[in-house]
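Taking it in order: structure first as structure tokens, then the write-up.
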Amino acid sequence: YGLCANYGNLSRVYMWLSQYDTSLYYGLKGIDLSQKHGYRAILLNNVSNVQEAYEALGDIESAYKYLVWYTGLNDSLSEKAQSKELARLESKHEIETLEKEAQLSELELDAANKRNIIFIGGFSVAIVLVIIILIALRQKRKDNKLIAAQRDRVQQQKSIVEEQKLLVEEKNKE
């Protein structure tokens with residue numbers, strides 16, 4: 001990478017020094033090496049240098065050929081950069097969408113958990129109330145039996161008292 005870039009830099013420096021043949025030499029070496037290694041951005045720079053060197057040397061046909069090549073490379077690199085940016089934005093959008101879906105799922109899960117807790121709590125309270133009511137009914141039955149038994153005893157004692165009263169009255173009559 002470094003050598004390809006250095007050839008491009010040397011070509012540019014010799015262009016500034018108006019040494020167009022030397023600039024052309026390093027530009028062509030840079031093009032060759034950049035193509036072999038697939039360094040498209042450096043290739044673009046070297047093609048531009050060679051085009052300018054040919055133009056400065058008066059070889060308009062070669063300058064035009066390299067200008068066409070430069071334009072094609074530049075468009076290709078621009079499209080590639082735009083494609084990368086578009087892919088990056090699409091990825092970012094997809095990640096944000098997935099994060100929002102995850103947050104929504106988490107909120108839905110929390111709401112479902114709260115509903116379950118409320119349902120279980122309500123059901124538990126209902127069971128406790130049923131148990132309390134059953135215990136109260138059982139106690140009321142016991143109390144009713146006890147009251148009935150006491151009433152029967154009172155009734156028996158009343159009967160005994162009435163019998164004794166009758167006996168006493170009969171004795172008093174006699």
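Sequentially through the stretch 156-168, phi angles give Karplus couplings (6.51, -1.76, 1.60; θ = phi - 60°) of 5, 5, 4, 4, 5, 4, 5, 5, 5, 4, 5, 5, 5 Hz, Gly and Pro residues having no value and appearing as x.
Note on the stretch 134-154 and the stretch 6-27: Cα centroid distance 119 Å, given to the nearest whole angstrom. Computed from backbone phi, the HN-Hα couplings of the stretch 3-10 come to 5, 4, 5, 5, 4, x, 5, 4 Hz, rounded to whole numbers (Karplus: 6.51 cos²θ - 1.76 cosθ + 1.60, θ = phi - 60°; Gly and Pro given as x).
Using Cα pairs closer than 8 Å and at least 6 residues apart in sequence, work out the relative contact order for the stretch 27-119, in percent. Please report the intermediate quantities before stating the final value.
Numbers: 45 pairs, mean separation 16.9, N = 93.
Over the stretch 27-119, the number comes to 18 percent.
Expressed as a whole percent, the accessible area of the stretch 1-70 that falls on carbon and sulfur atoms is 54 (1.4 Å probe).
A straight Cα-to-Cα reach below 19 Å connects LYS158 with the aspartates and glutamates GLU169, GLU170, residues fewer than 8 places away in its own chain not being considered.
For the stretch 30-35, 3J(HN,Hα) computed residue by residue from phi via the Karplus equation (6.51, -1.76, 1.60; θ = phi - 60°) reads x, 4, 4, 5, 5, 5 Hz, glycine and proline entered as x.
Rolling a 1.4 Å probe over the heavy atoms of the protein chains gives the chain an accessible area of 79 Å² per residue. Summing Cβ point charges (Lys, Arg +1; Asp, Glu -1) relative to the Cα centre of the chain gives a dipole of roughly 1760 debye. Rounded to the nearest 20, the Cβ-based charge dipole of the stretch 73-153 about its Cα centre (Lys and Arg +1, Asp and Glu -1) stands at 1640 debye. At the residue level, ILE118 shows approximately 120 square angstrom of accessible surface with a 1.4 angstrom probe and all protein chains present. Within the straight-line cut-off of under 17 Å between alpha carbons, the aspartates and glutamates reachable from LYS173 are GLU162, GLU163, sequence neighbours fewer than 8 places apart in one chain being disregarded.
Pairs of Cα atoms nearer than 8 Å and 6+ residues apart set the relative contact order; for the chain it is 13 percent. Evaluated with a Cβ-only charge set (Lys, Arg +1; Asp, Glu -1), the stretch 20-71 carries a dipole of roughly 320 debye about its Cα centre, given to the nearest 20. Available extension along the chain between GLU108 and ASP75 is 7.0 nm, counting 0.36 nm per residue and deducting the alpha carbon span.
On the accessible surface of the stretch 96-174, probed at 1.4 Å, how many percent belong to carbon and sulfur atoms?
Carbon-and-sulfur percentage of accessible area, whole number: 62.
The values are calculated or read from the model by the stated rules, or taken from the named source; none is laboratory data. Since we're looking at a predicted model, the values are computed, not measured. For neighbour counting, all protein chains shown are included, and Cβ atoms are generated from backbone atoms with ideal geometry for every residue, glycine included. Remember, those area values only see protein heavy atoms, side chains included, never the ligands or the DNA or RNA. Shrake-Rupley method; radii C 1.70, N 1.55, O 1.52, S 1.80 Å.
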